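Have a look at the structure below, then the notes.
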């Protein structure tokens with residue numbers, strides 16, 4: 001399926017397929033979230049929330065890249081950094097979204113990507129639900145940022161036990177907003193990445 005747009009001056013036609021249109025929409029959201037919104041929030045003194053918005057926008061774009069890869073090859077990209085690189089390369093075929101490759105989150109850390117096939121492997125960074133001990137997003141994949149504190153889960157320090165992954169921005173908890181967590185941290189005066 002293609003959509004045709006007529007260029008008014010030269011009379012030539014340009015074609016955008018559905019993936020290209022989705023990529024352009026995600027690019028618009030990304031540009032707003034990465035360029036405009038952080039500068040507004042920086043003016044209010046909220047680096048934490050600016051990082052959160054940037055991280056959320058990048059996560060949506062990276063999910064589009066994973067979908068583009070899955071649509072083309074009919075399987076999820078392999079786990080890890082190389083899998084994300086392949087997905088972003090696939091997205092860049094339609095629109096050069098990330099010319100430098102996979103972006104980092106709003107605090108300069110790499111996103112973590114684990115294909116469900118690798119949840120049980122020894123070096124897996126997949127996260128389990130604290131209550132049920134089941135993996136989040138079974139049958140799919142986990143894509144997340146460790147958040148401003150740089151901690152993945154309870155094994156990362158004593159504070160993480162009672163607030164398991166509360167600042168990890170992820171793809172499986174779609175009804176959750178991290179705004180509450182980052183607003184609370186920002187109001188508490190913790191406006192930078194935790195040590």
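The values are calculated or read from the model by the stated rules, or taken from the named source; none is laboratory data. None of these values were measured; they are calculated from a predicted model. Cβ atoms come from the backbone with ideal geometry, glycine included; neighbour counts cover every protein chain shown.
Selection of segment 85-100 for residues being free of Cβ contacts under 8 Å to residues at least 40 places away in the same chain and in a helix (DSSP H, G or I) yields 85, 86, 87, 88, 89, 90, 92, 93. Counting only residues that are surrounded by fewer than 20 Cβ atoms within 10 Å (Cβ to Cβ) and in a loop (DSSP other than H, G, I, E, B), segment 101-118 holds 5 of them. Restricting segment 120-129 to residues that are within 19 Å of the chain's Cα centre (by Cα) and assigned to a loop (DSSP other than H, G, I, E, B) leaves a set whose member that is surrounded by the most Cβ atoms within 10 Å (Cβ to Cβ) is 127. From the list 47, 54, the lone residue that is touching a helix residue (DSSP H, G or I) at 6+ places or on another chain (Cβ under 6 Å) and at pLDDT below 95 is 54.
With respect to the conditions (1) surrounded by fewer than 21 Cβ atoms within 10 Å (Cβ to Cβ); (2) in contact with a strand residue (DSSP E or B) (Cβ under 7 Å, 6 or more places away or on another chain); (3) not in a helix (DSSP H, G or I), residue 132 falls short on a single one, namely (2). A single entry from 92, 171 fulfils the requirement of being closer than 21 Å to residue 75 by Cα, modelled with pLDDT of 75 or more and surrounded by 18 or more Cβ atoms within 10 Å (Cβ to Cβ): 171.
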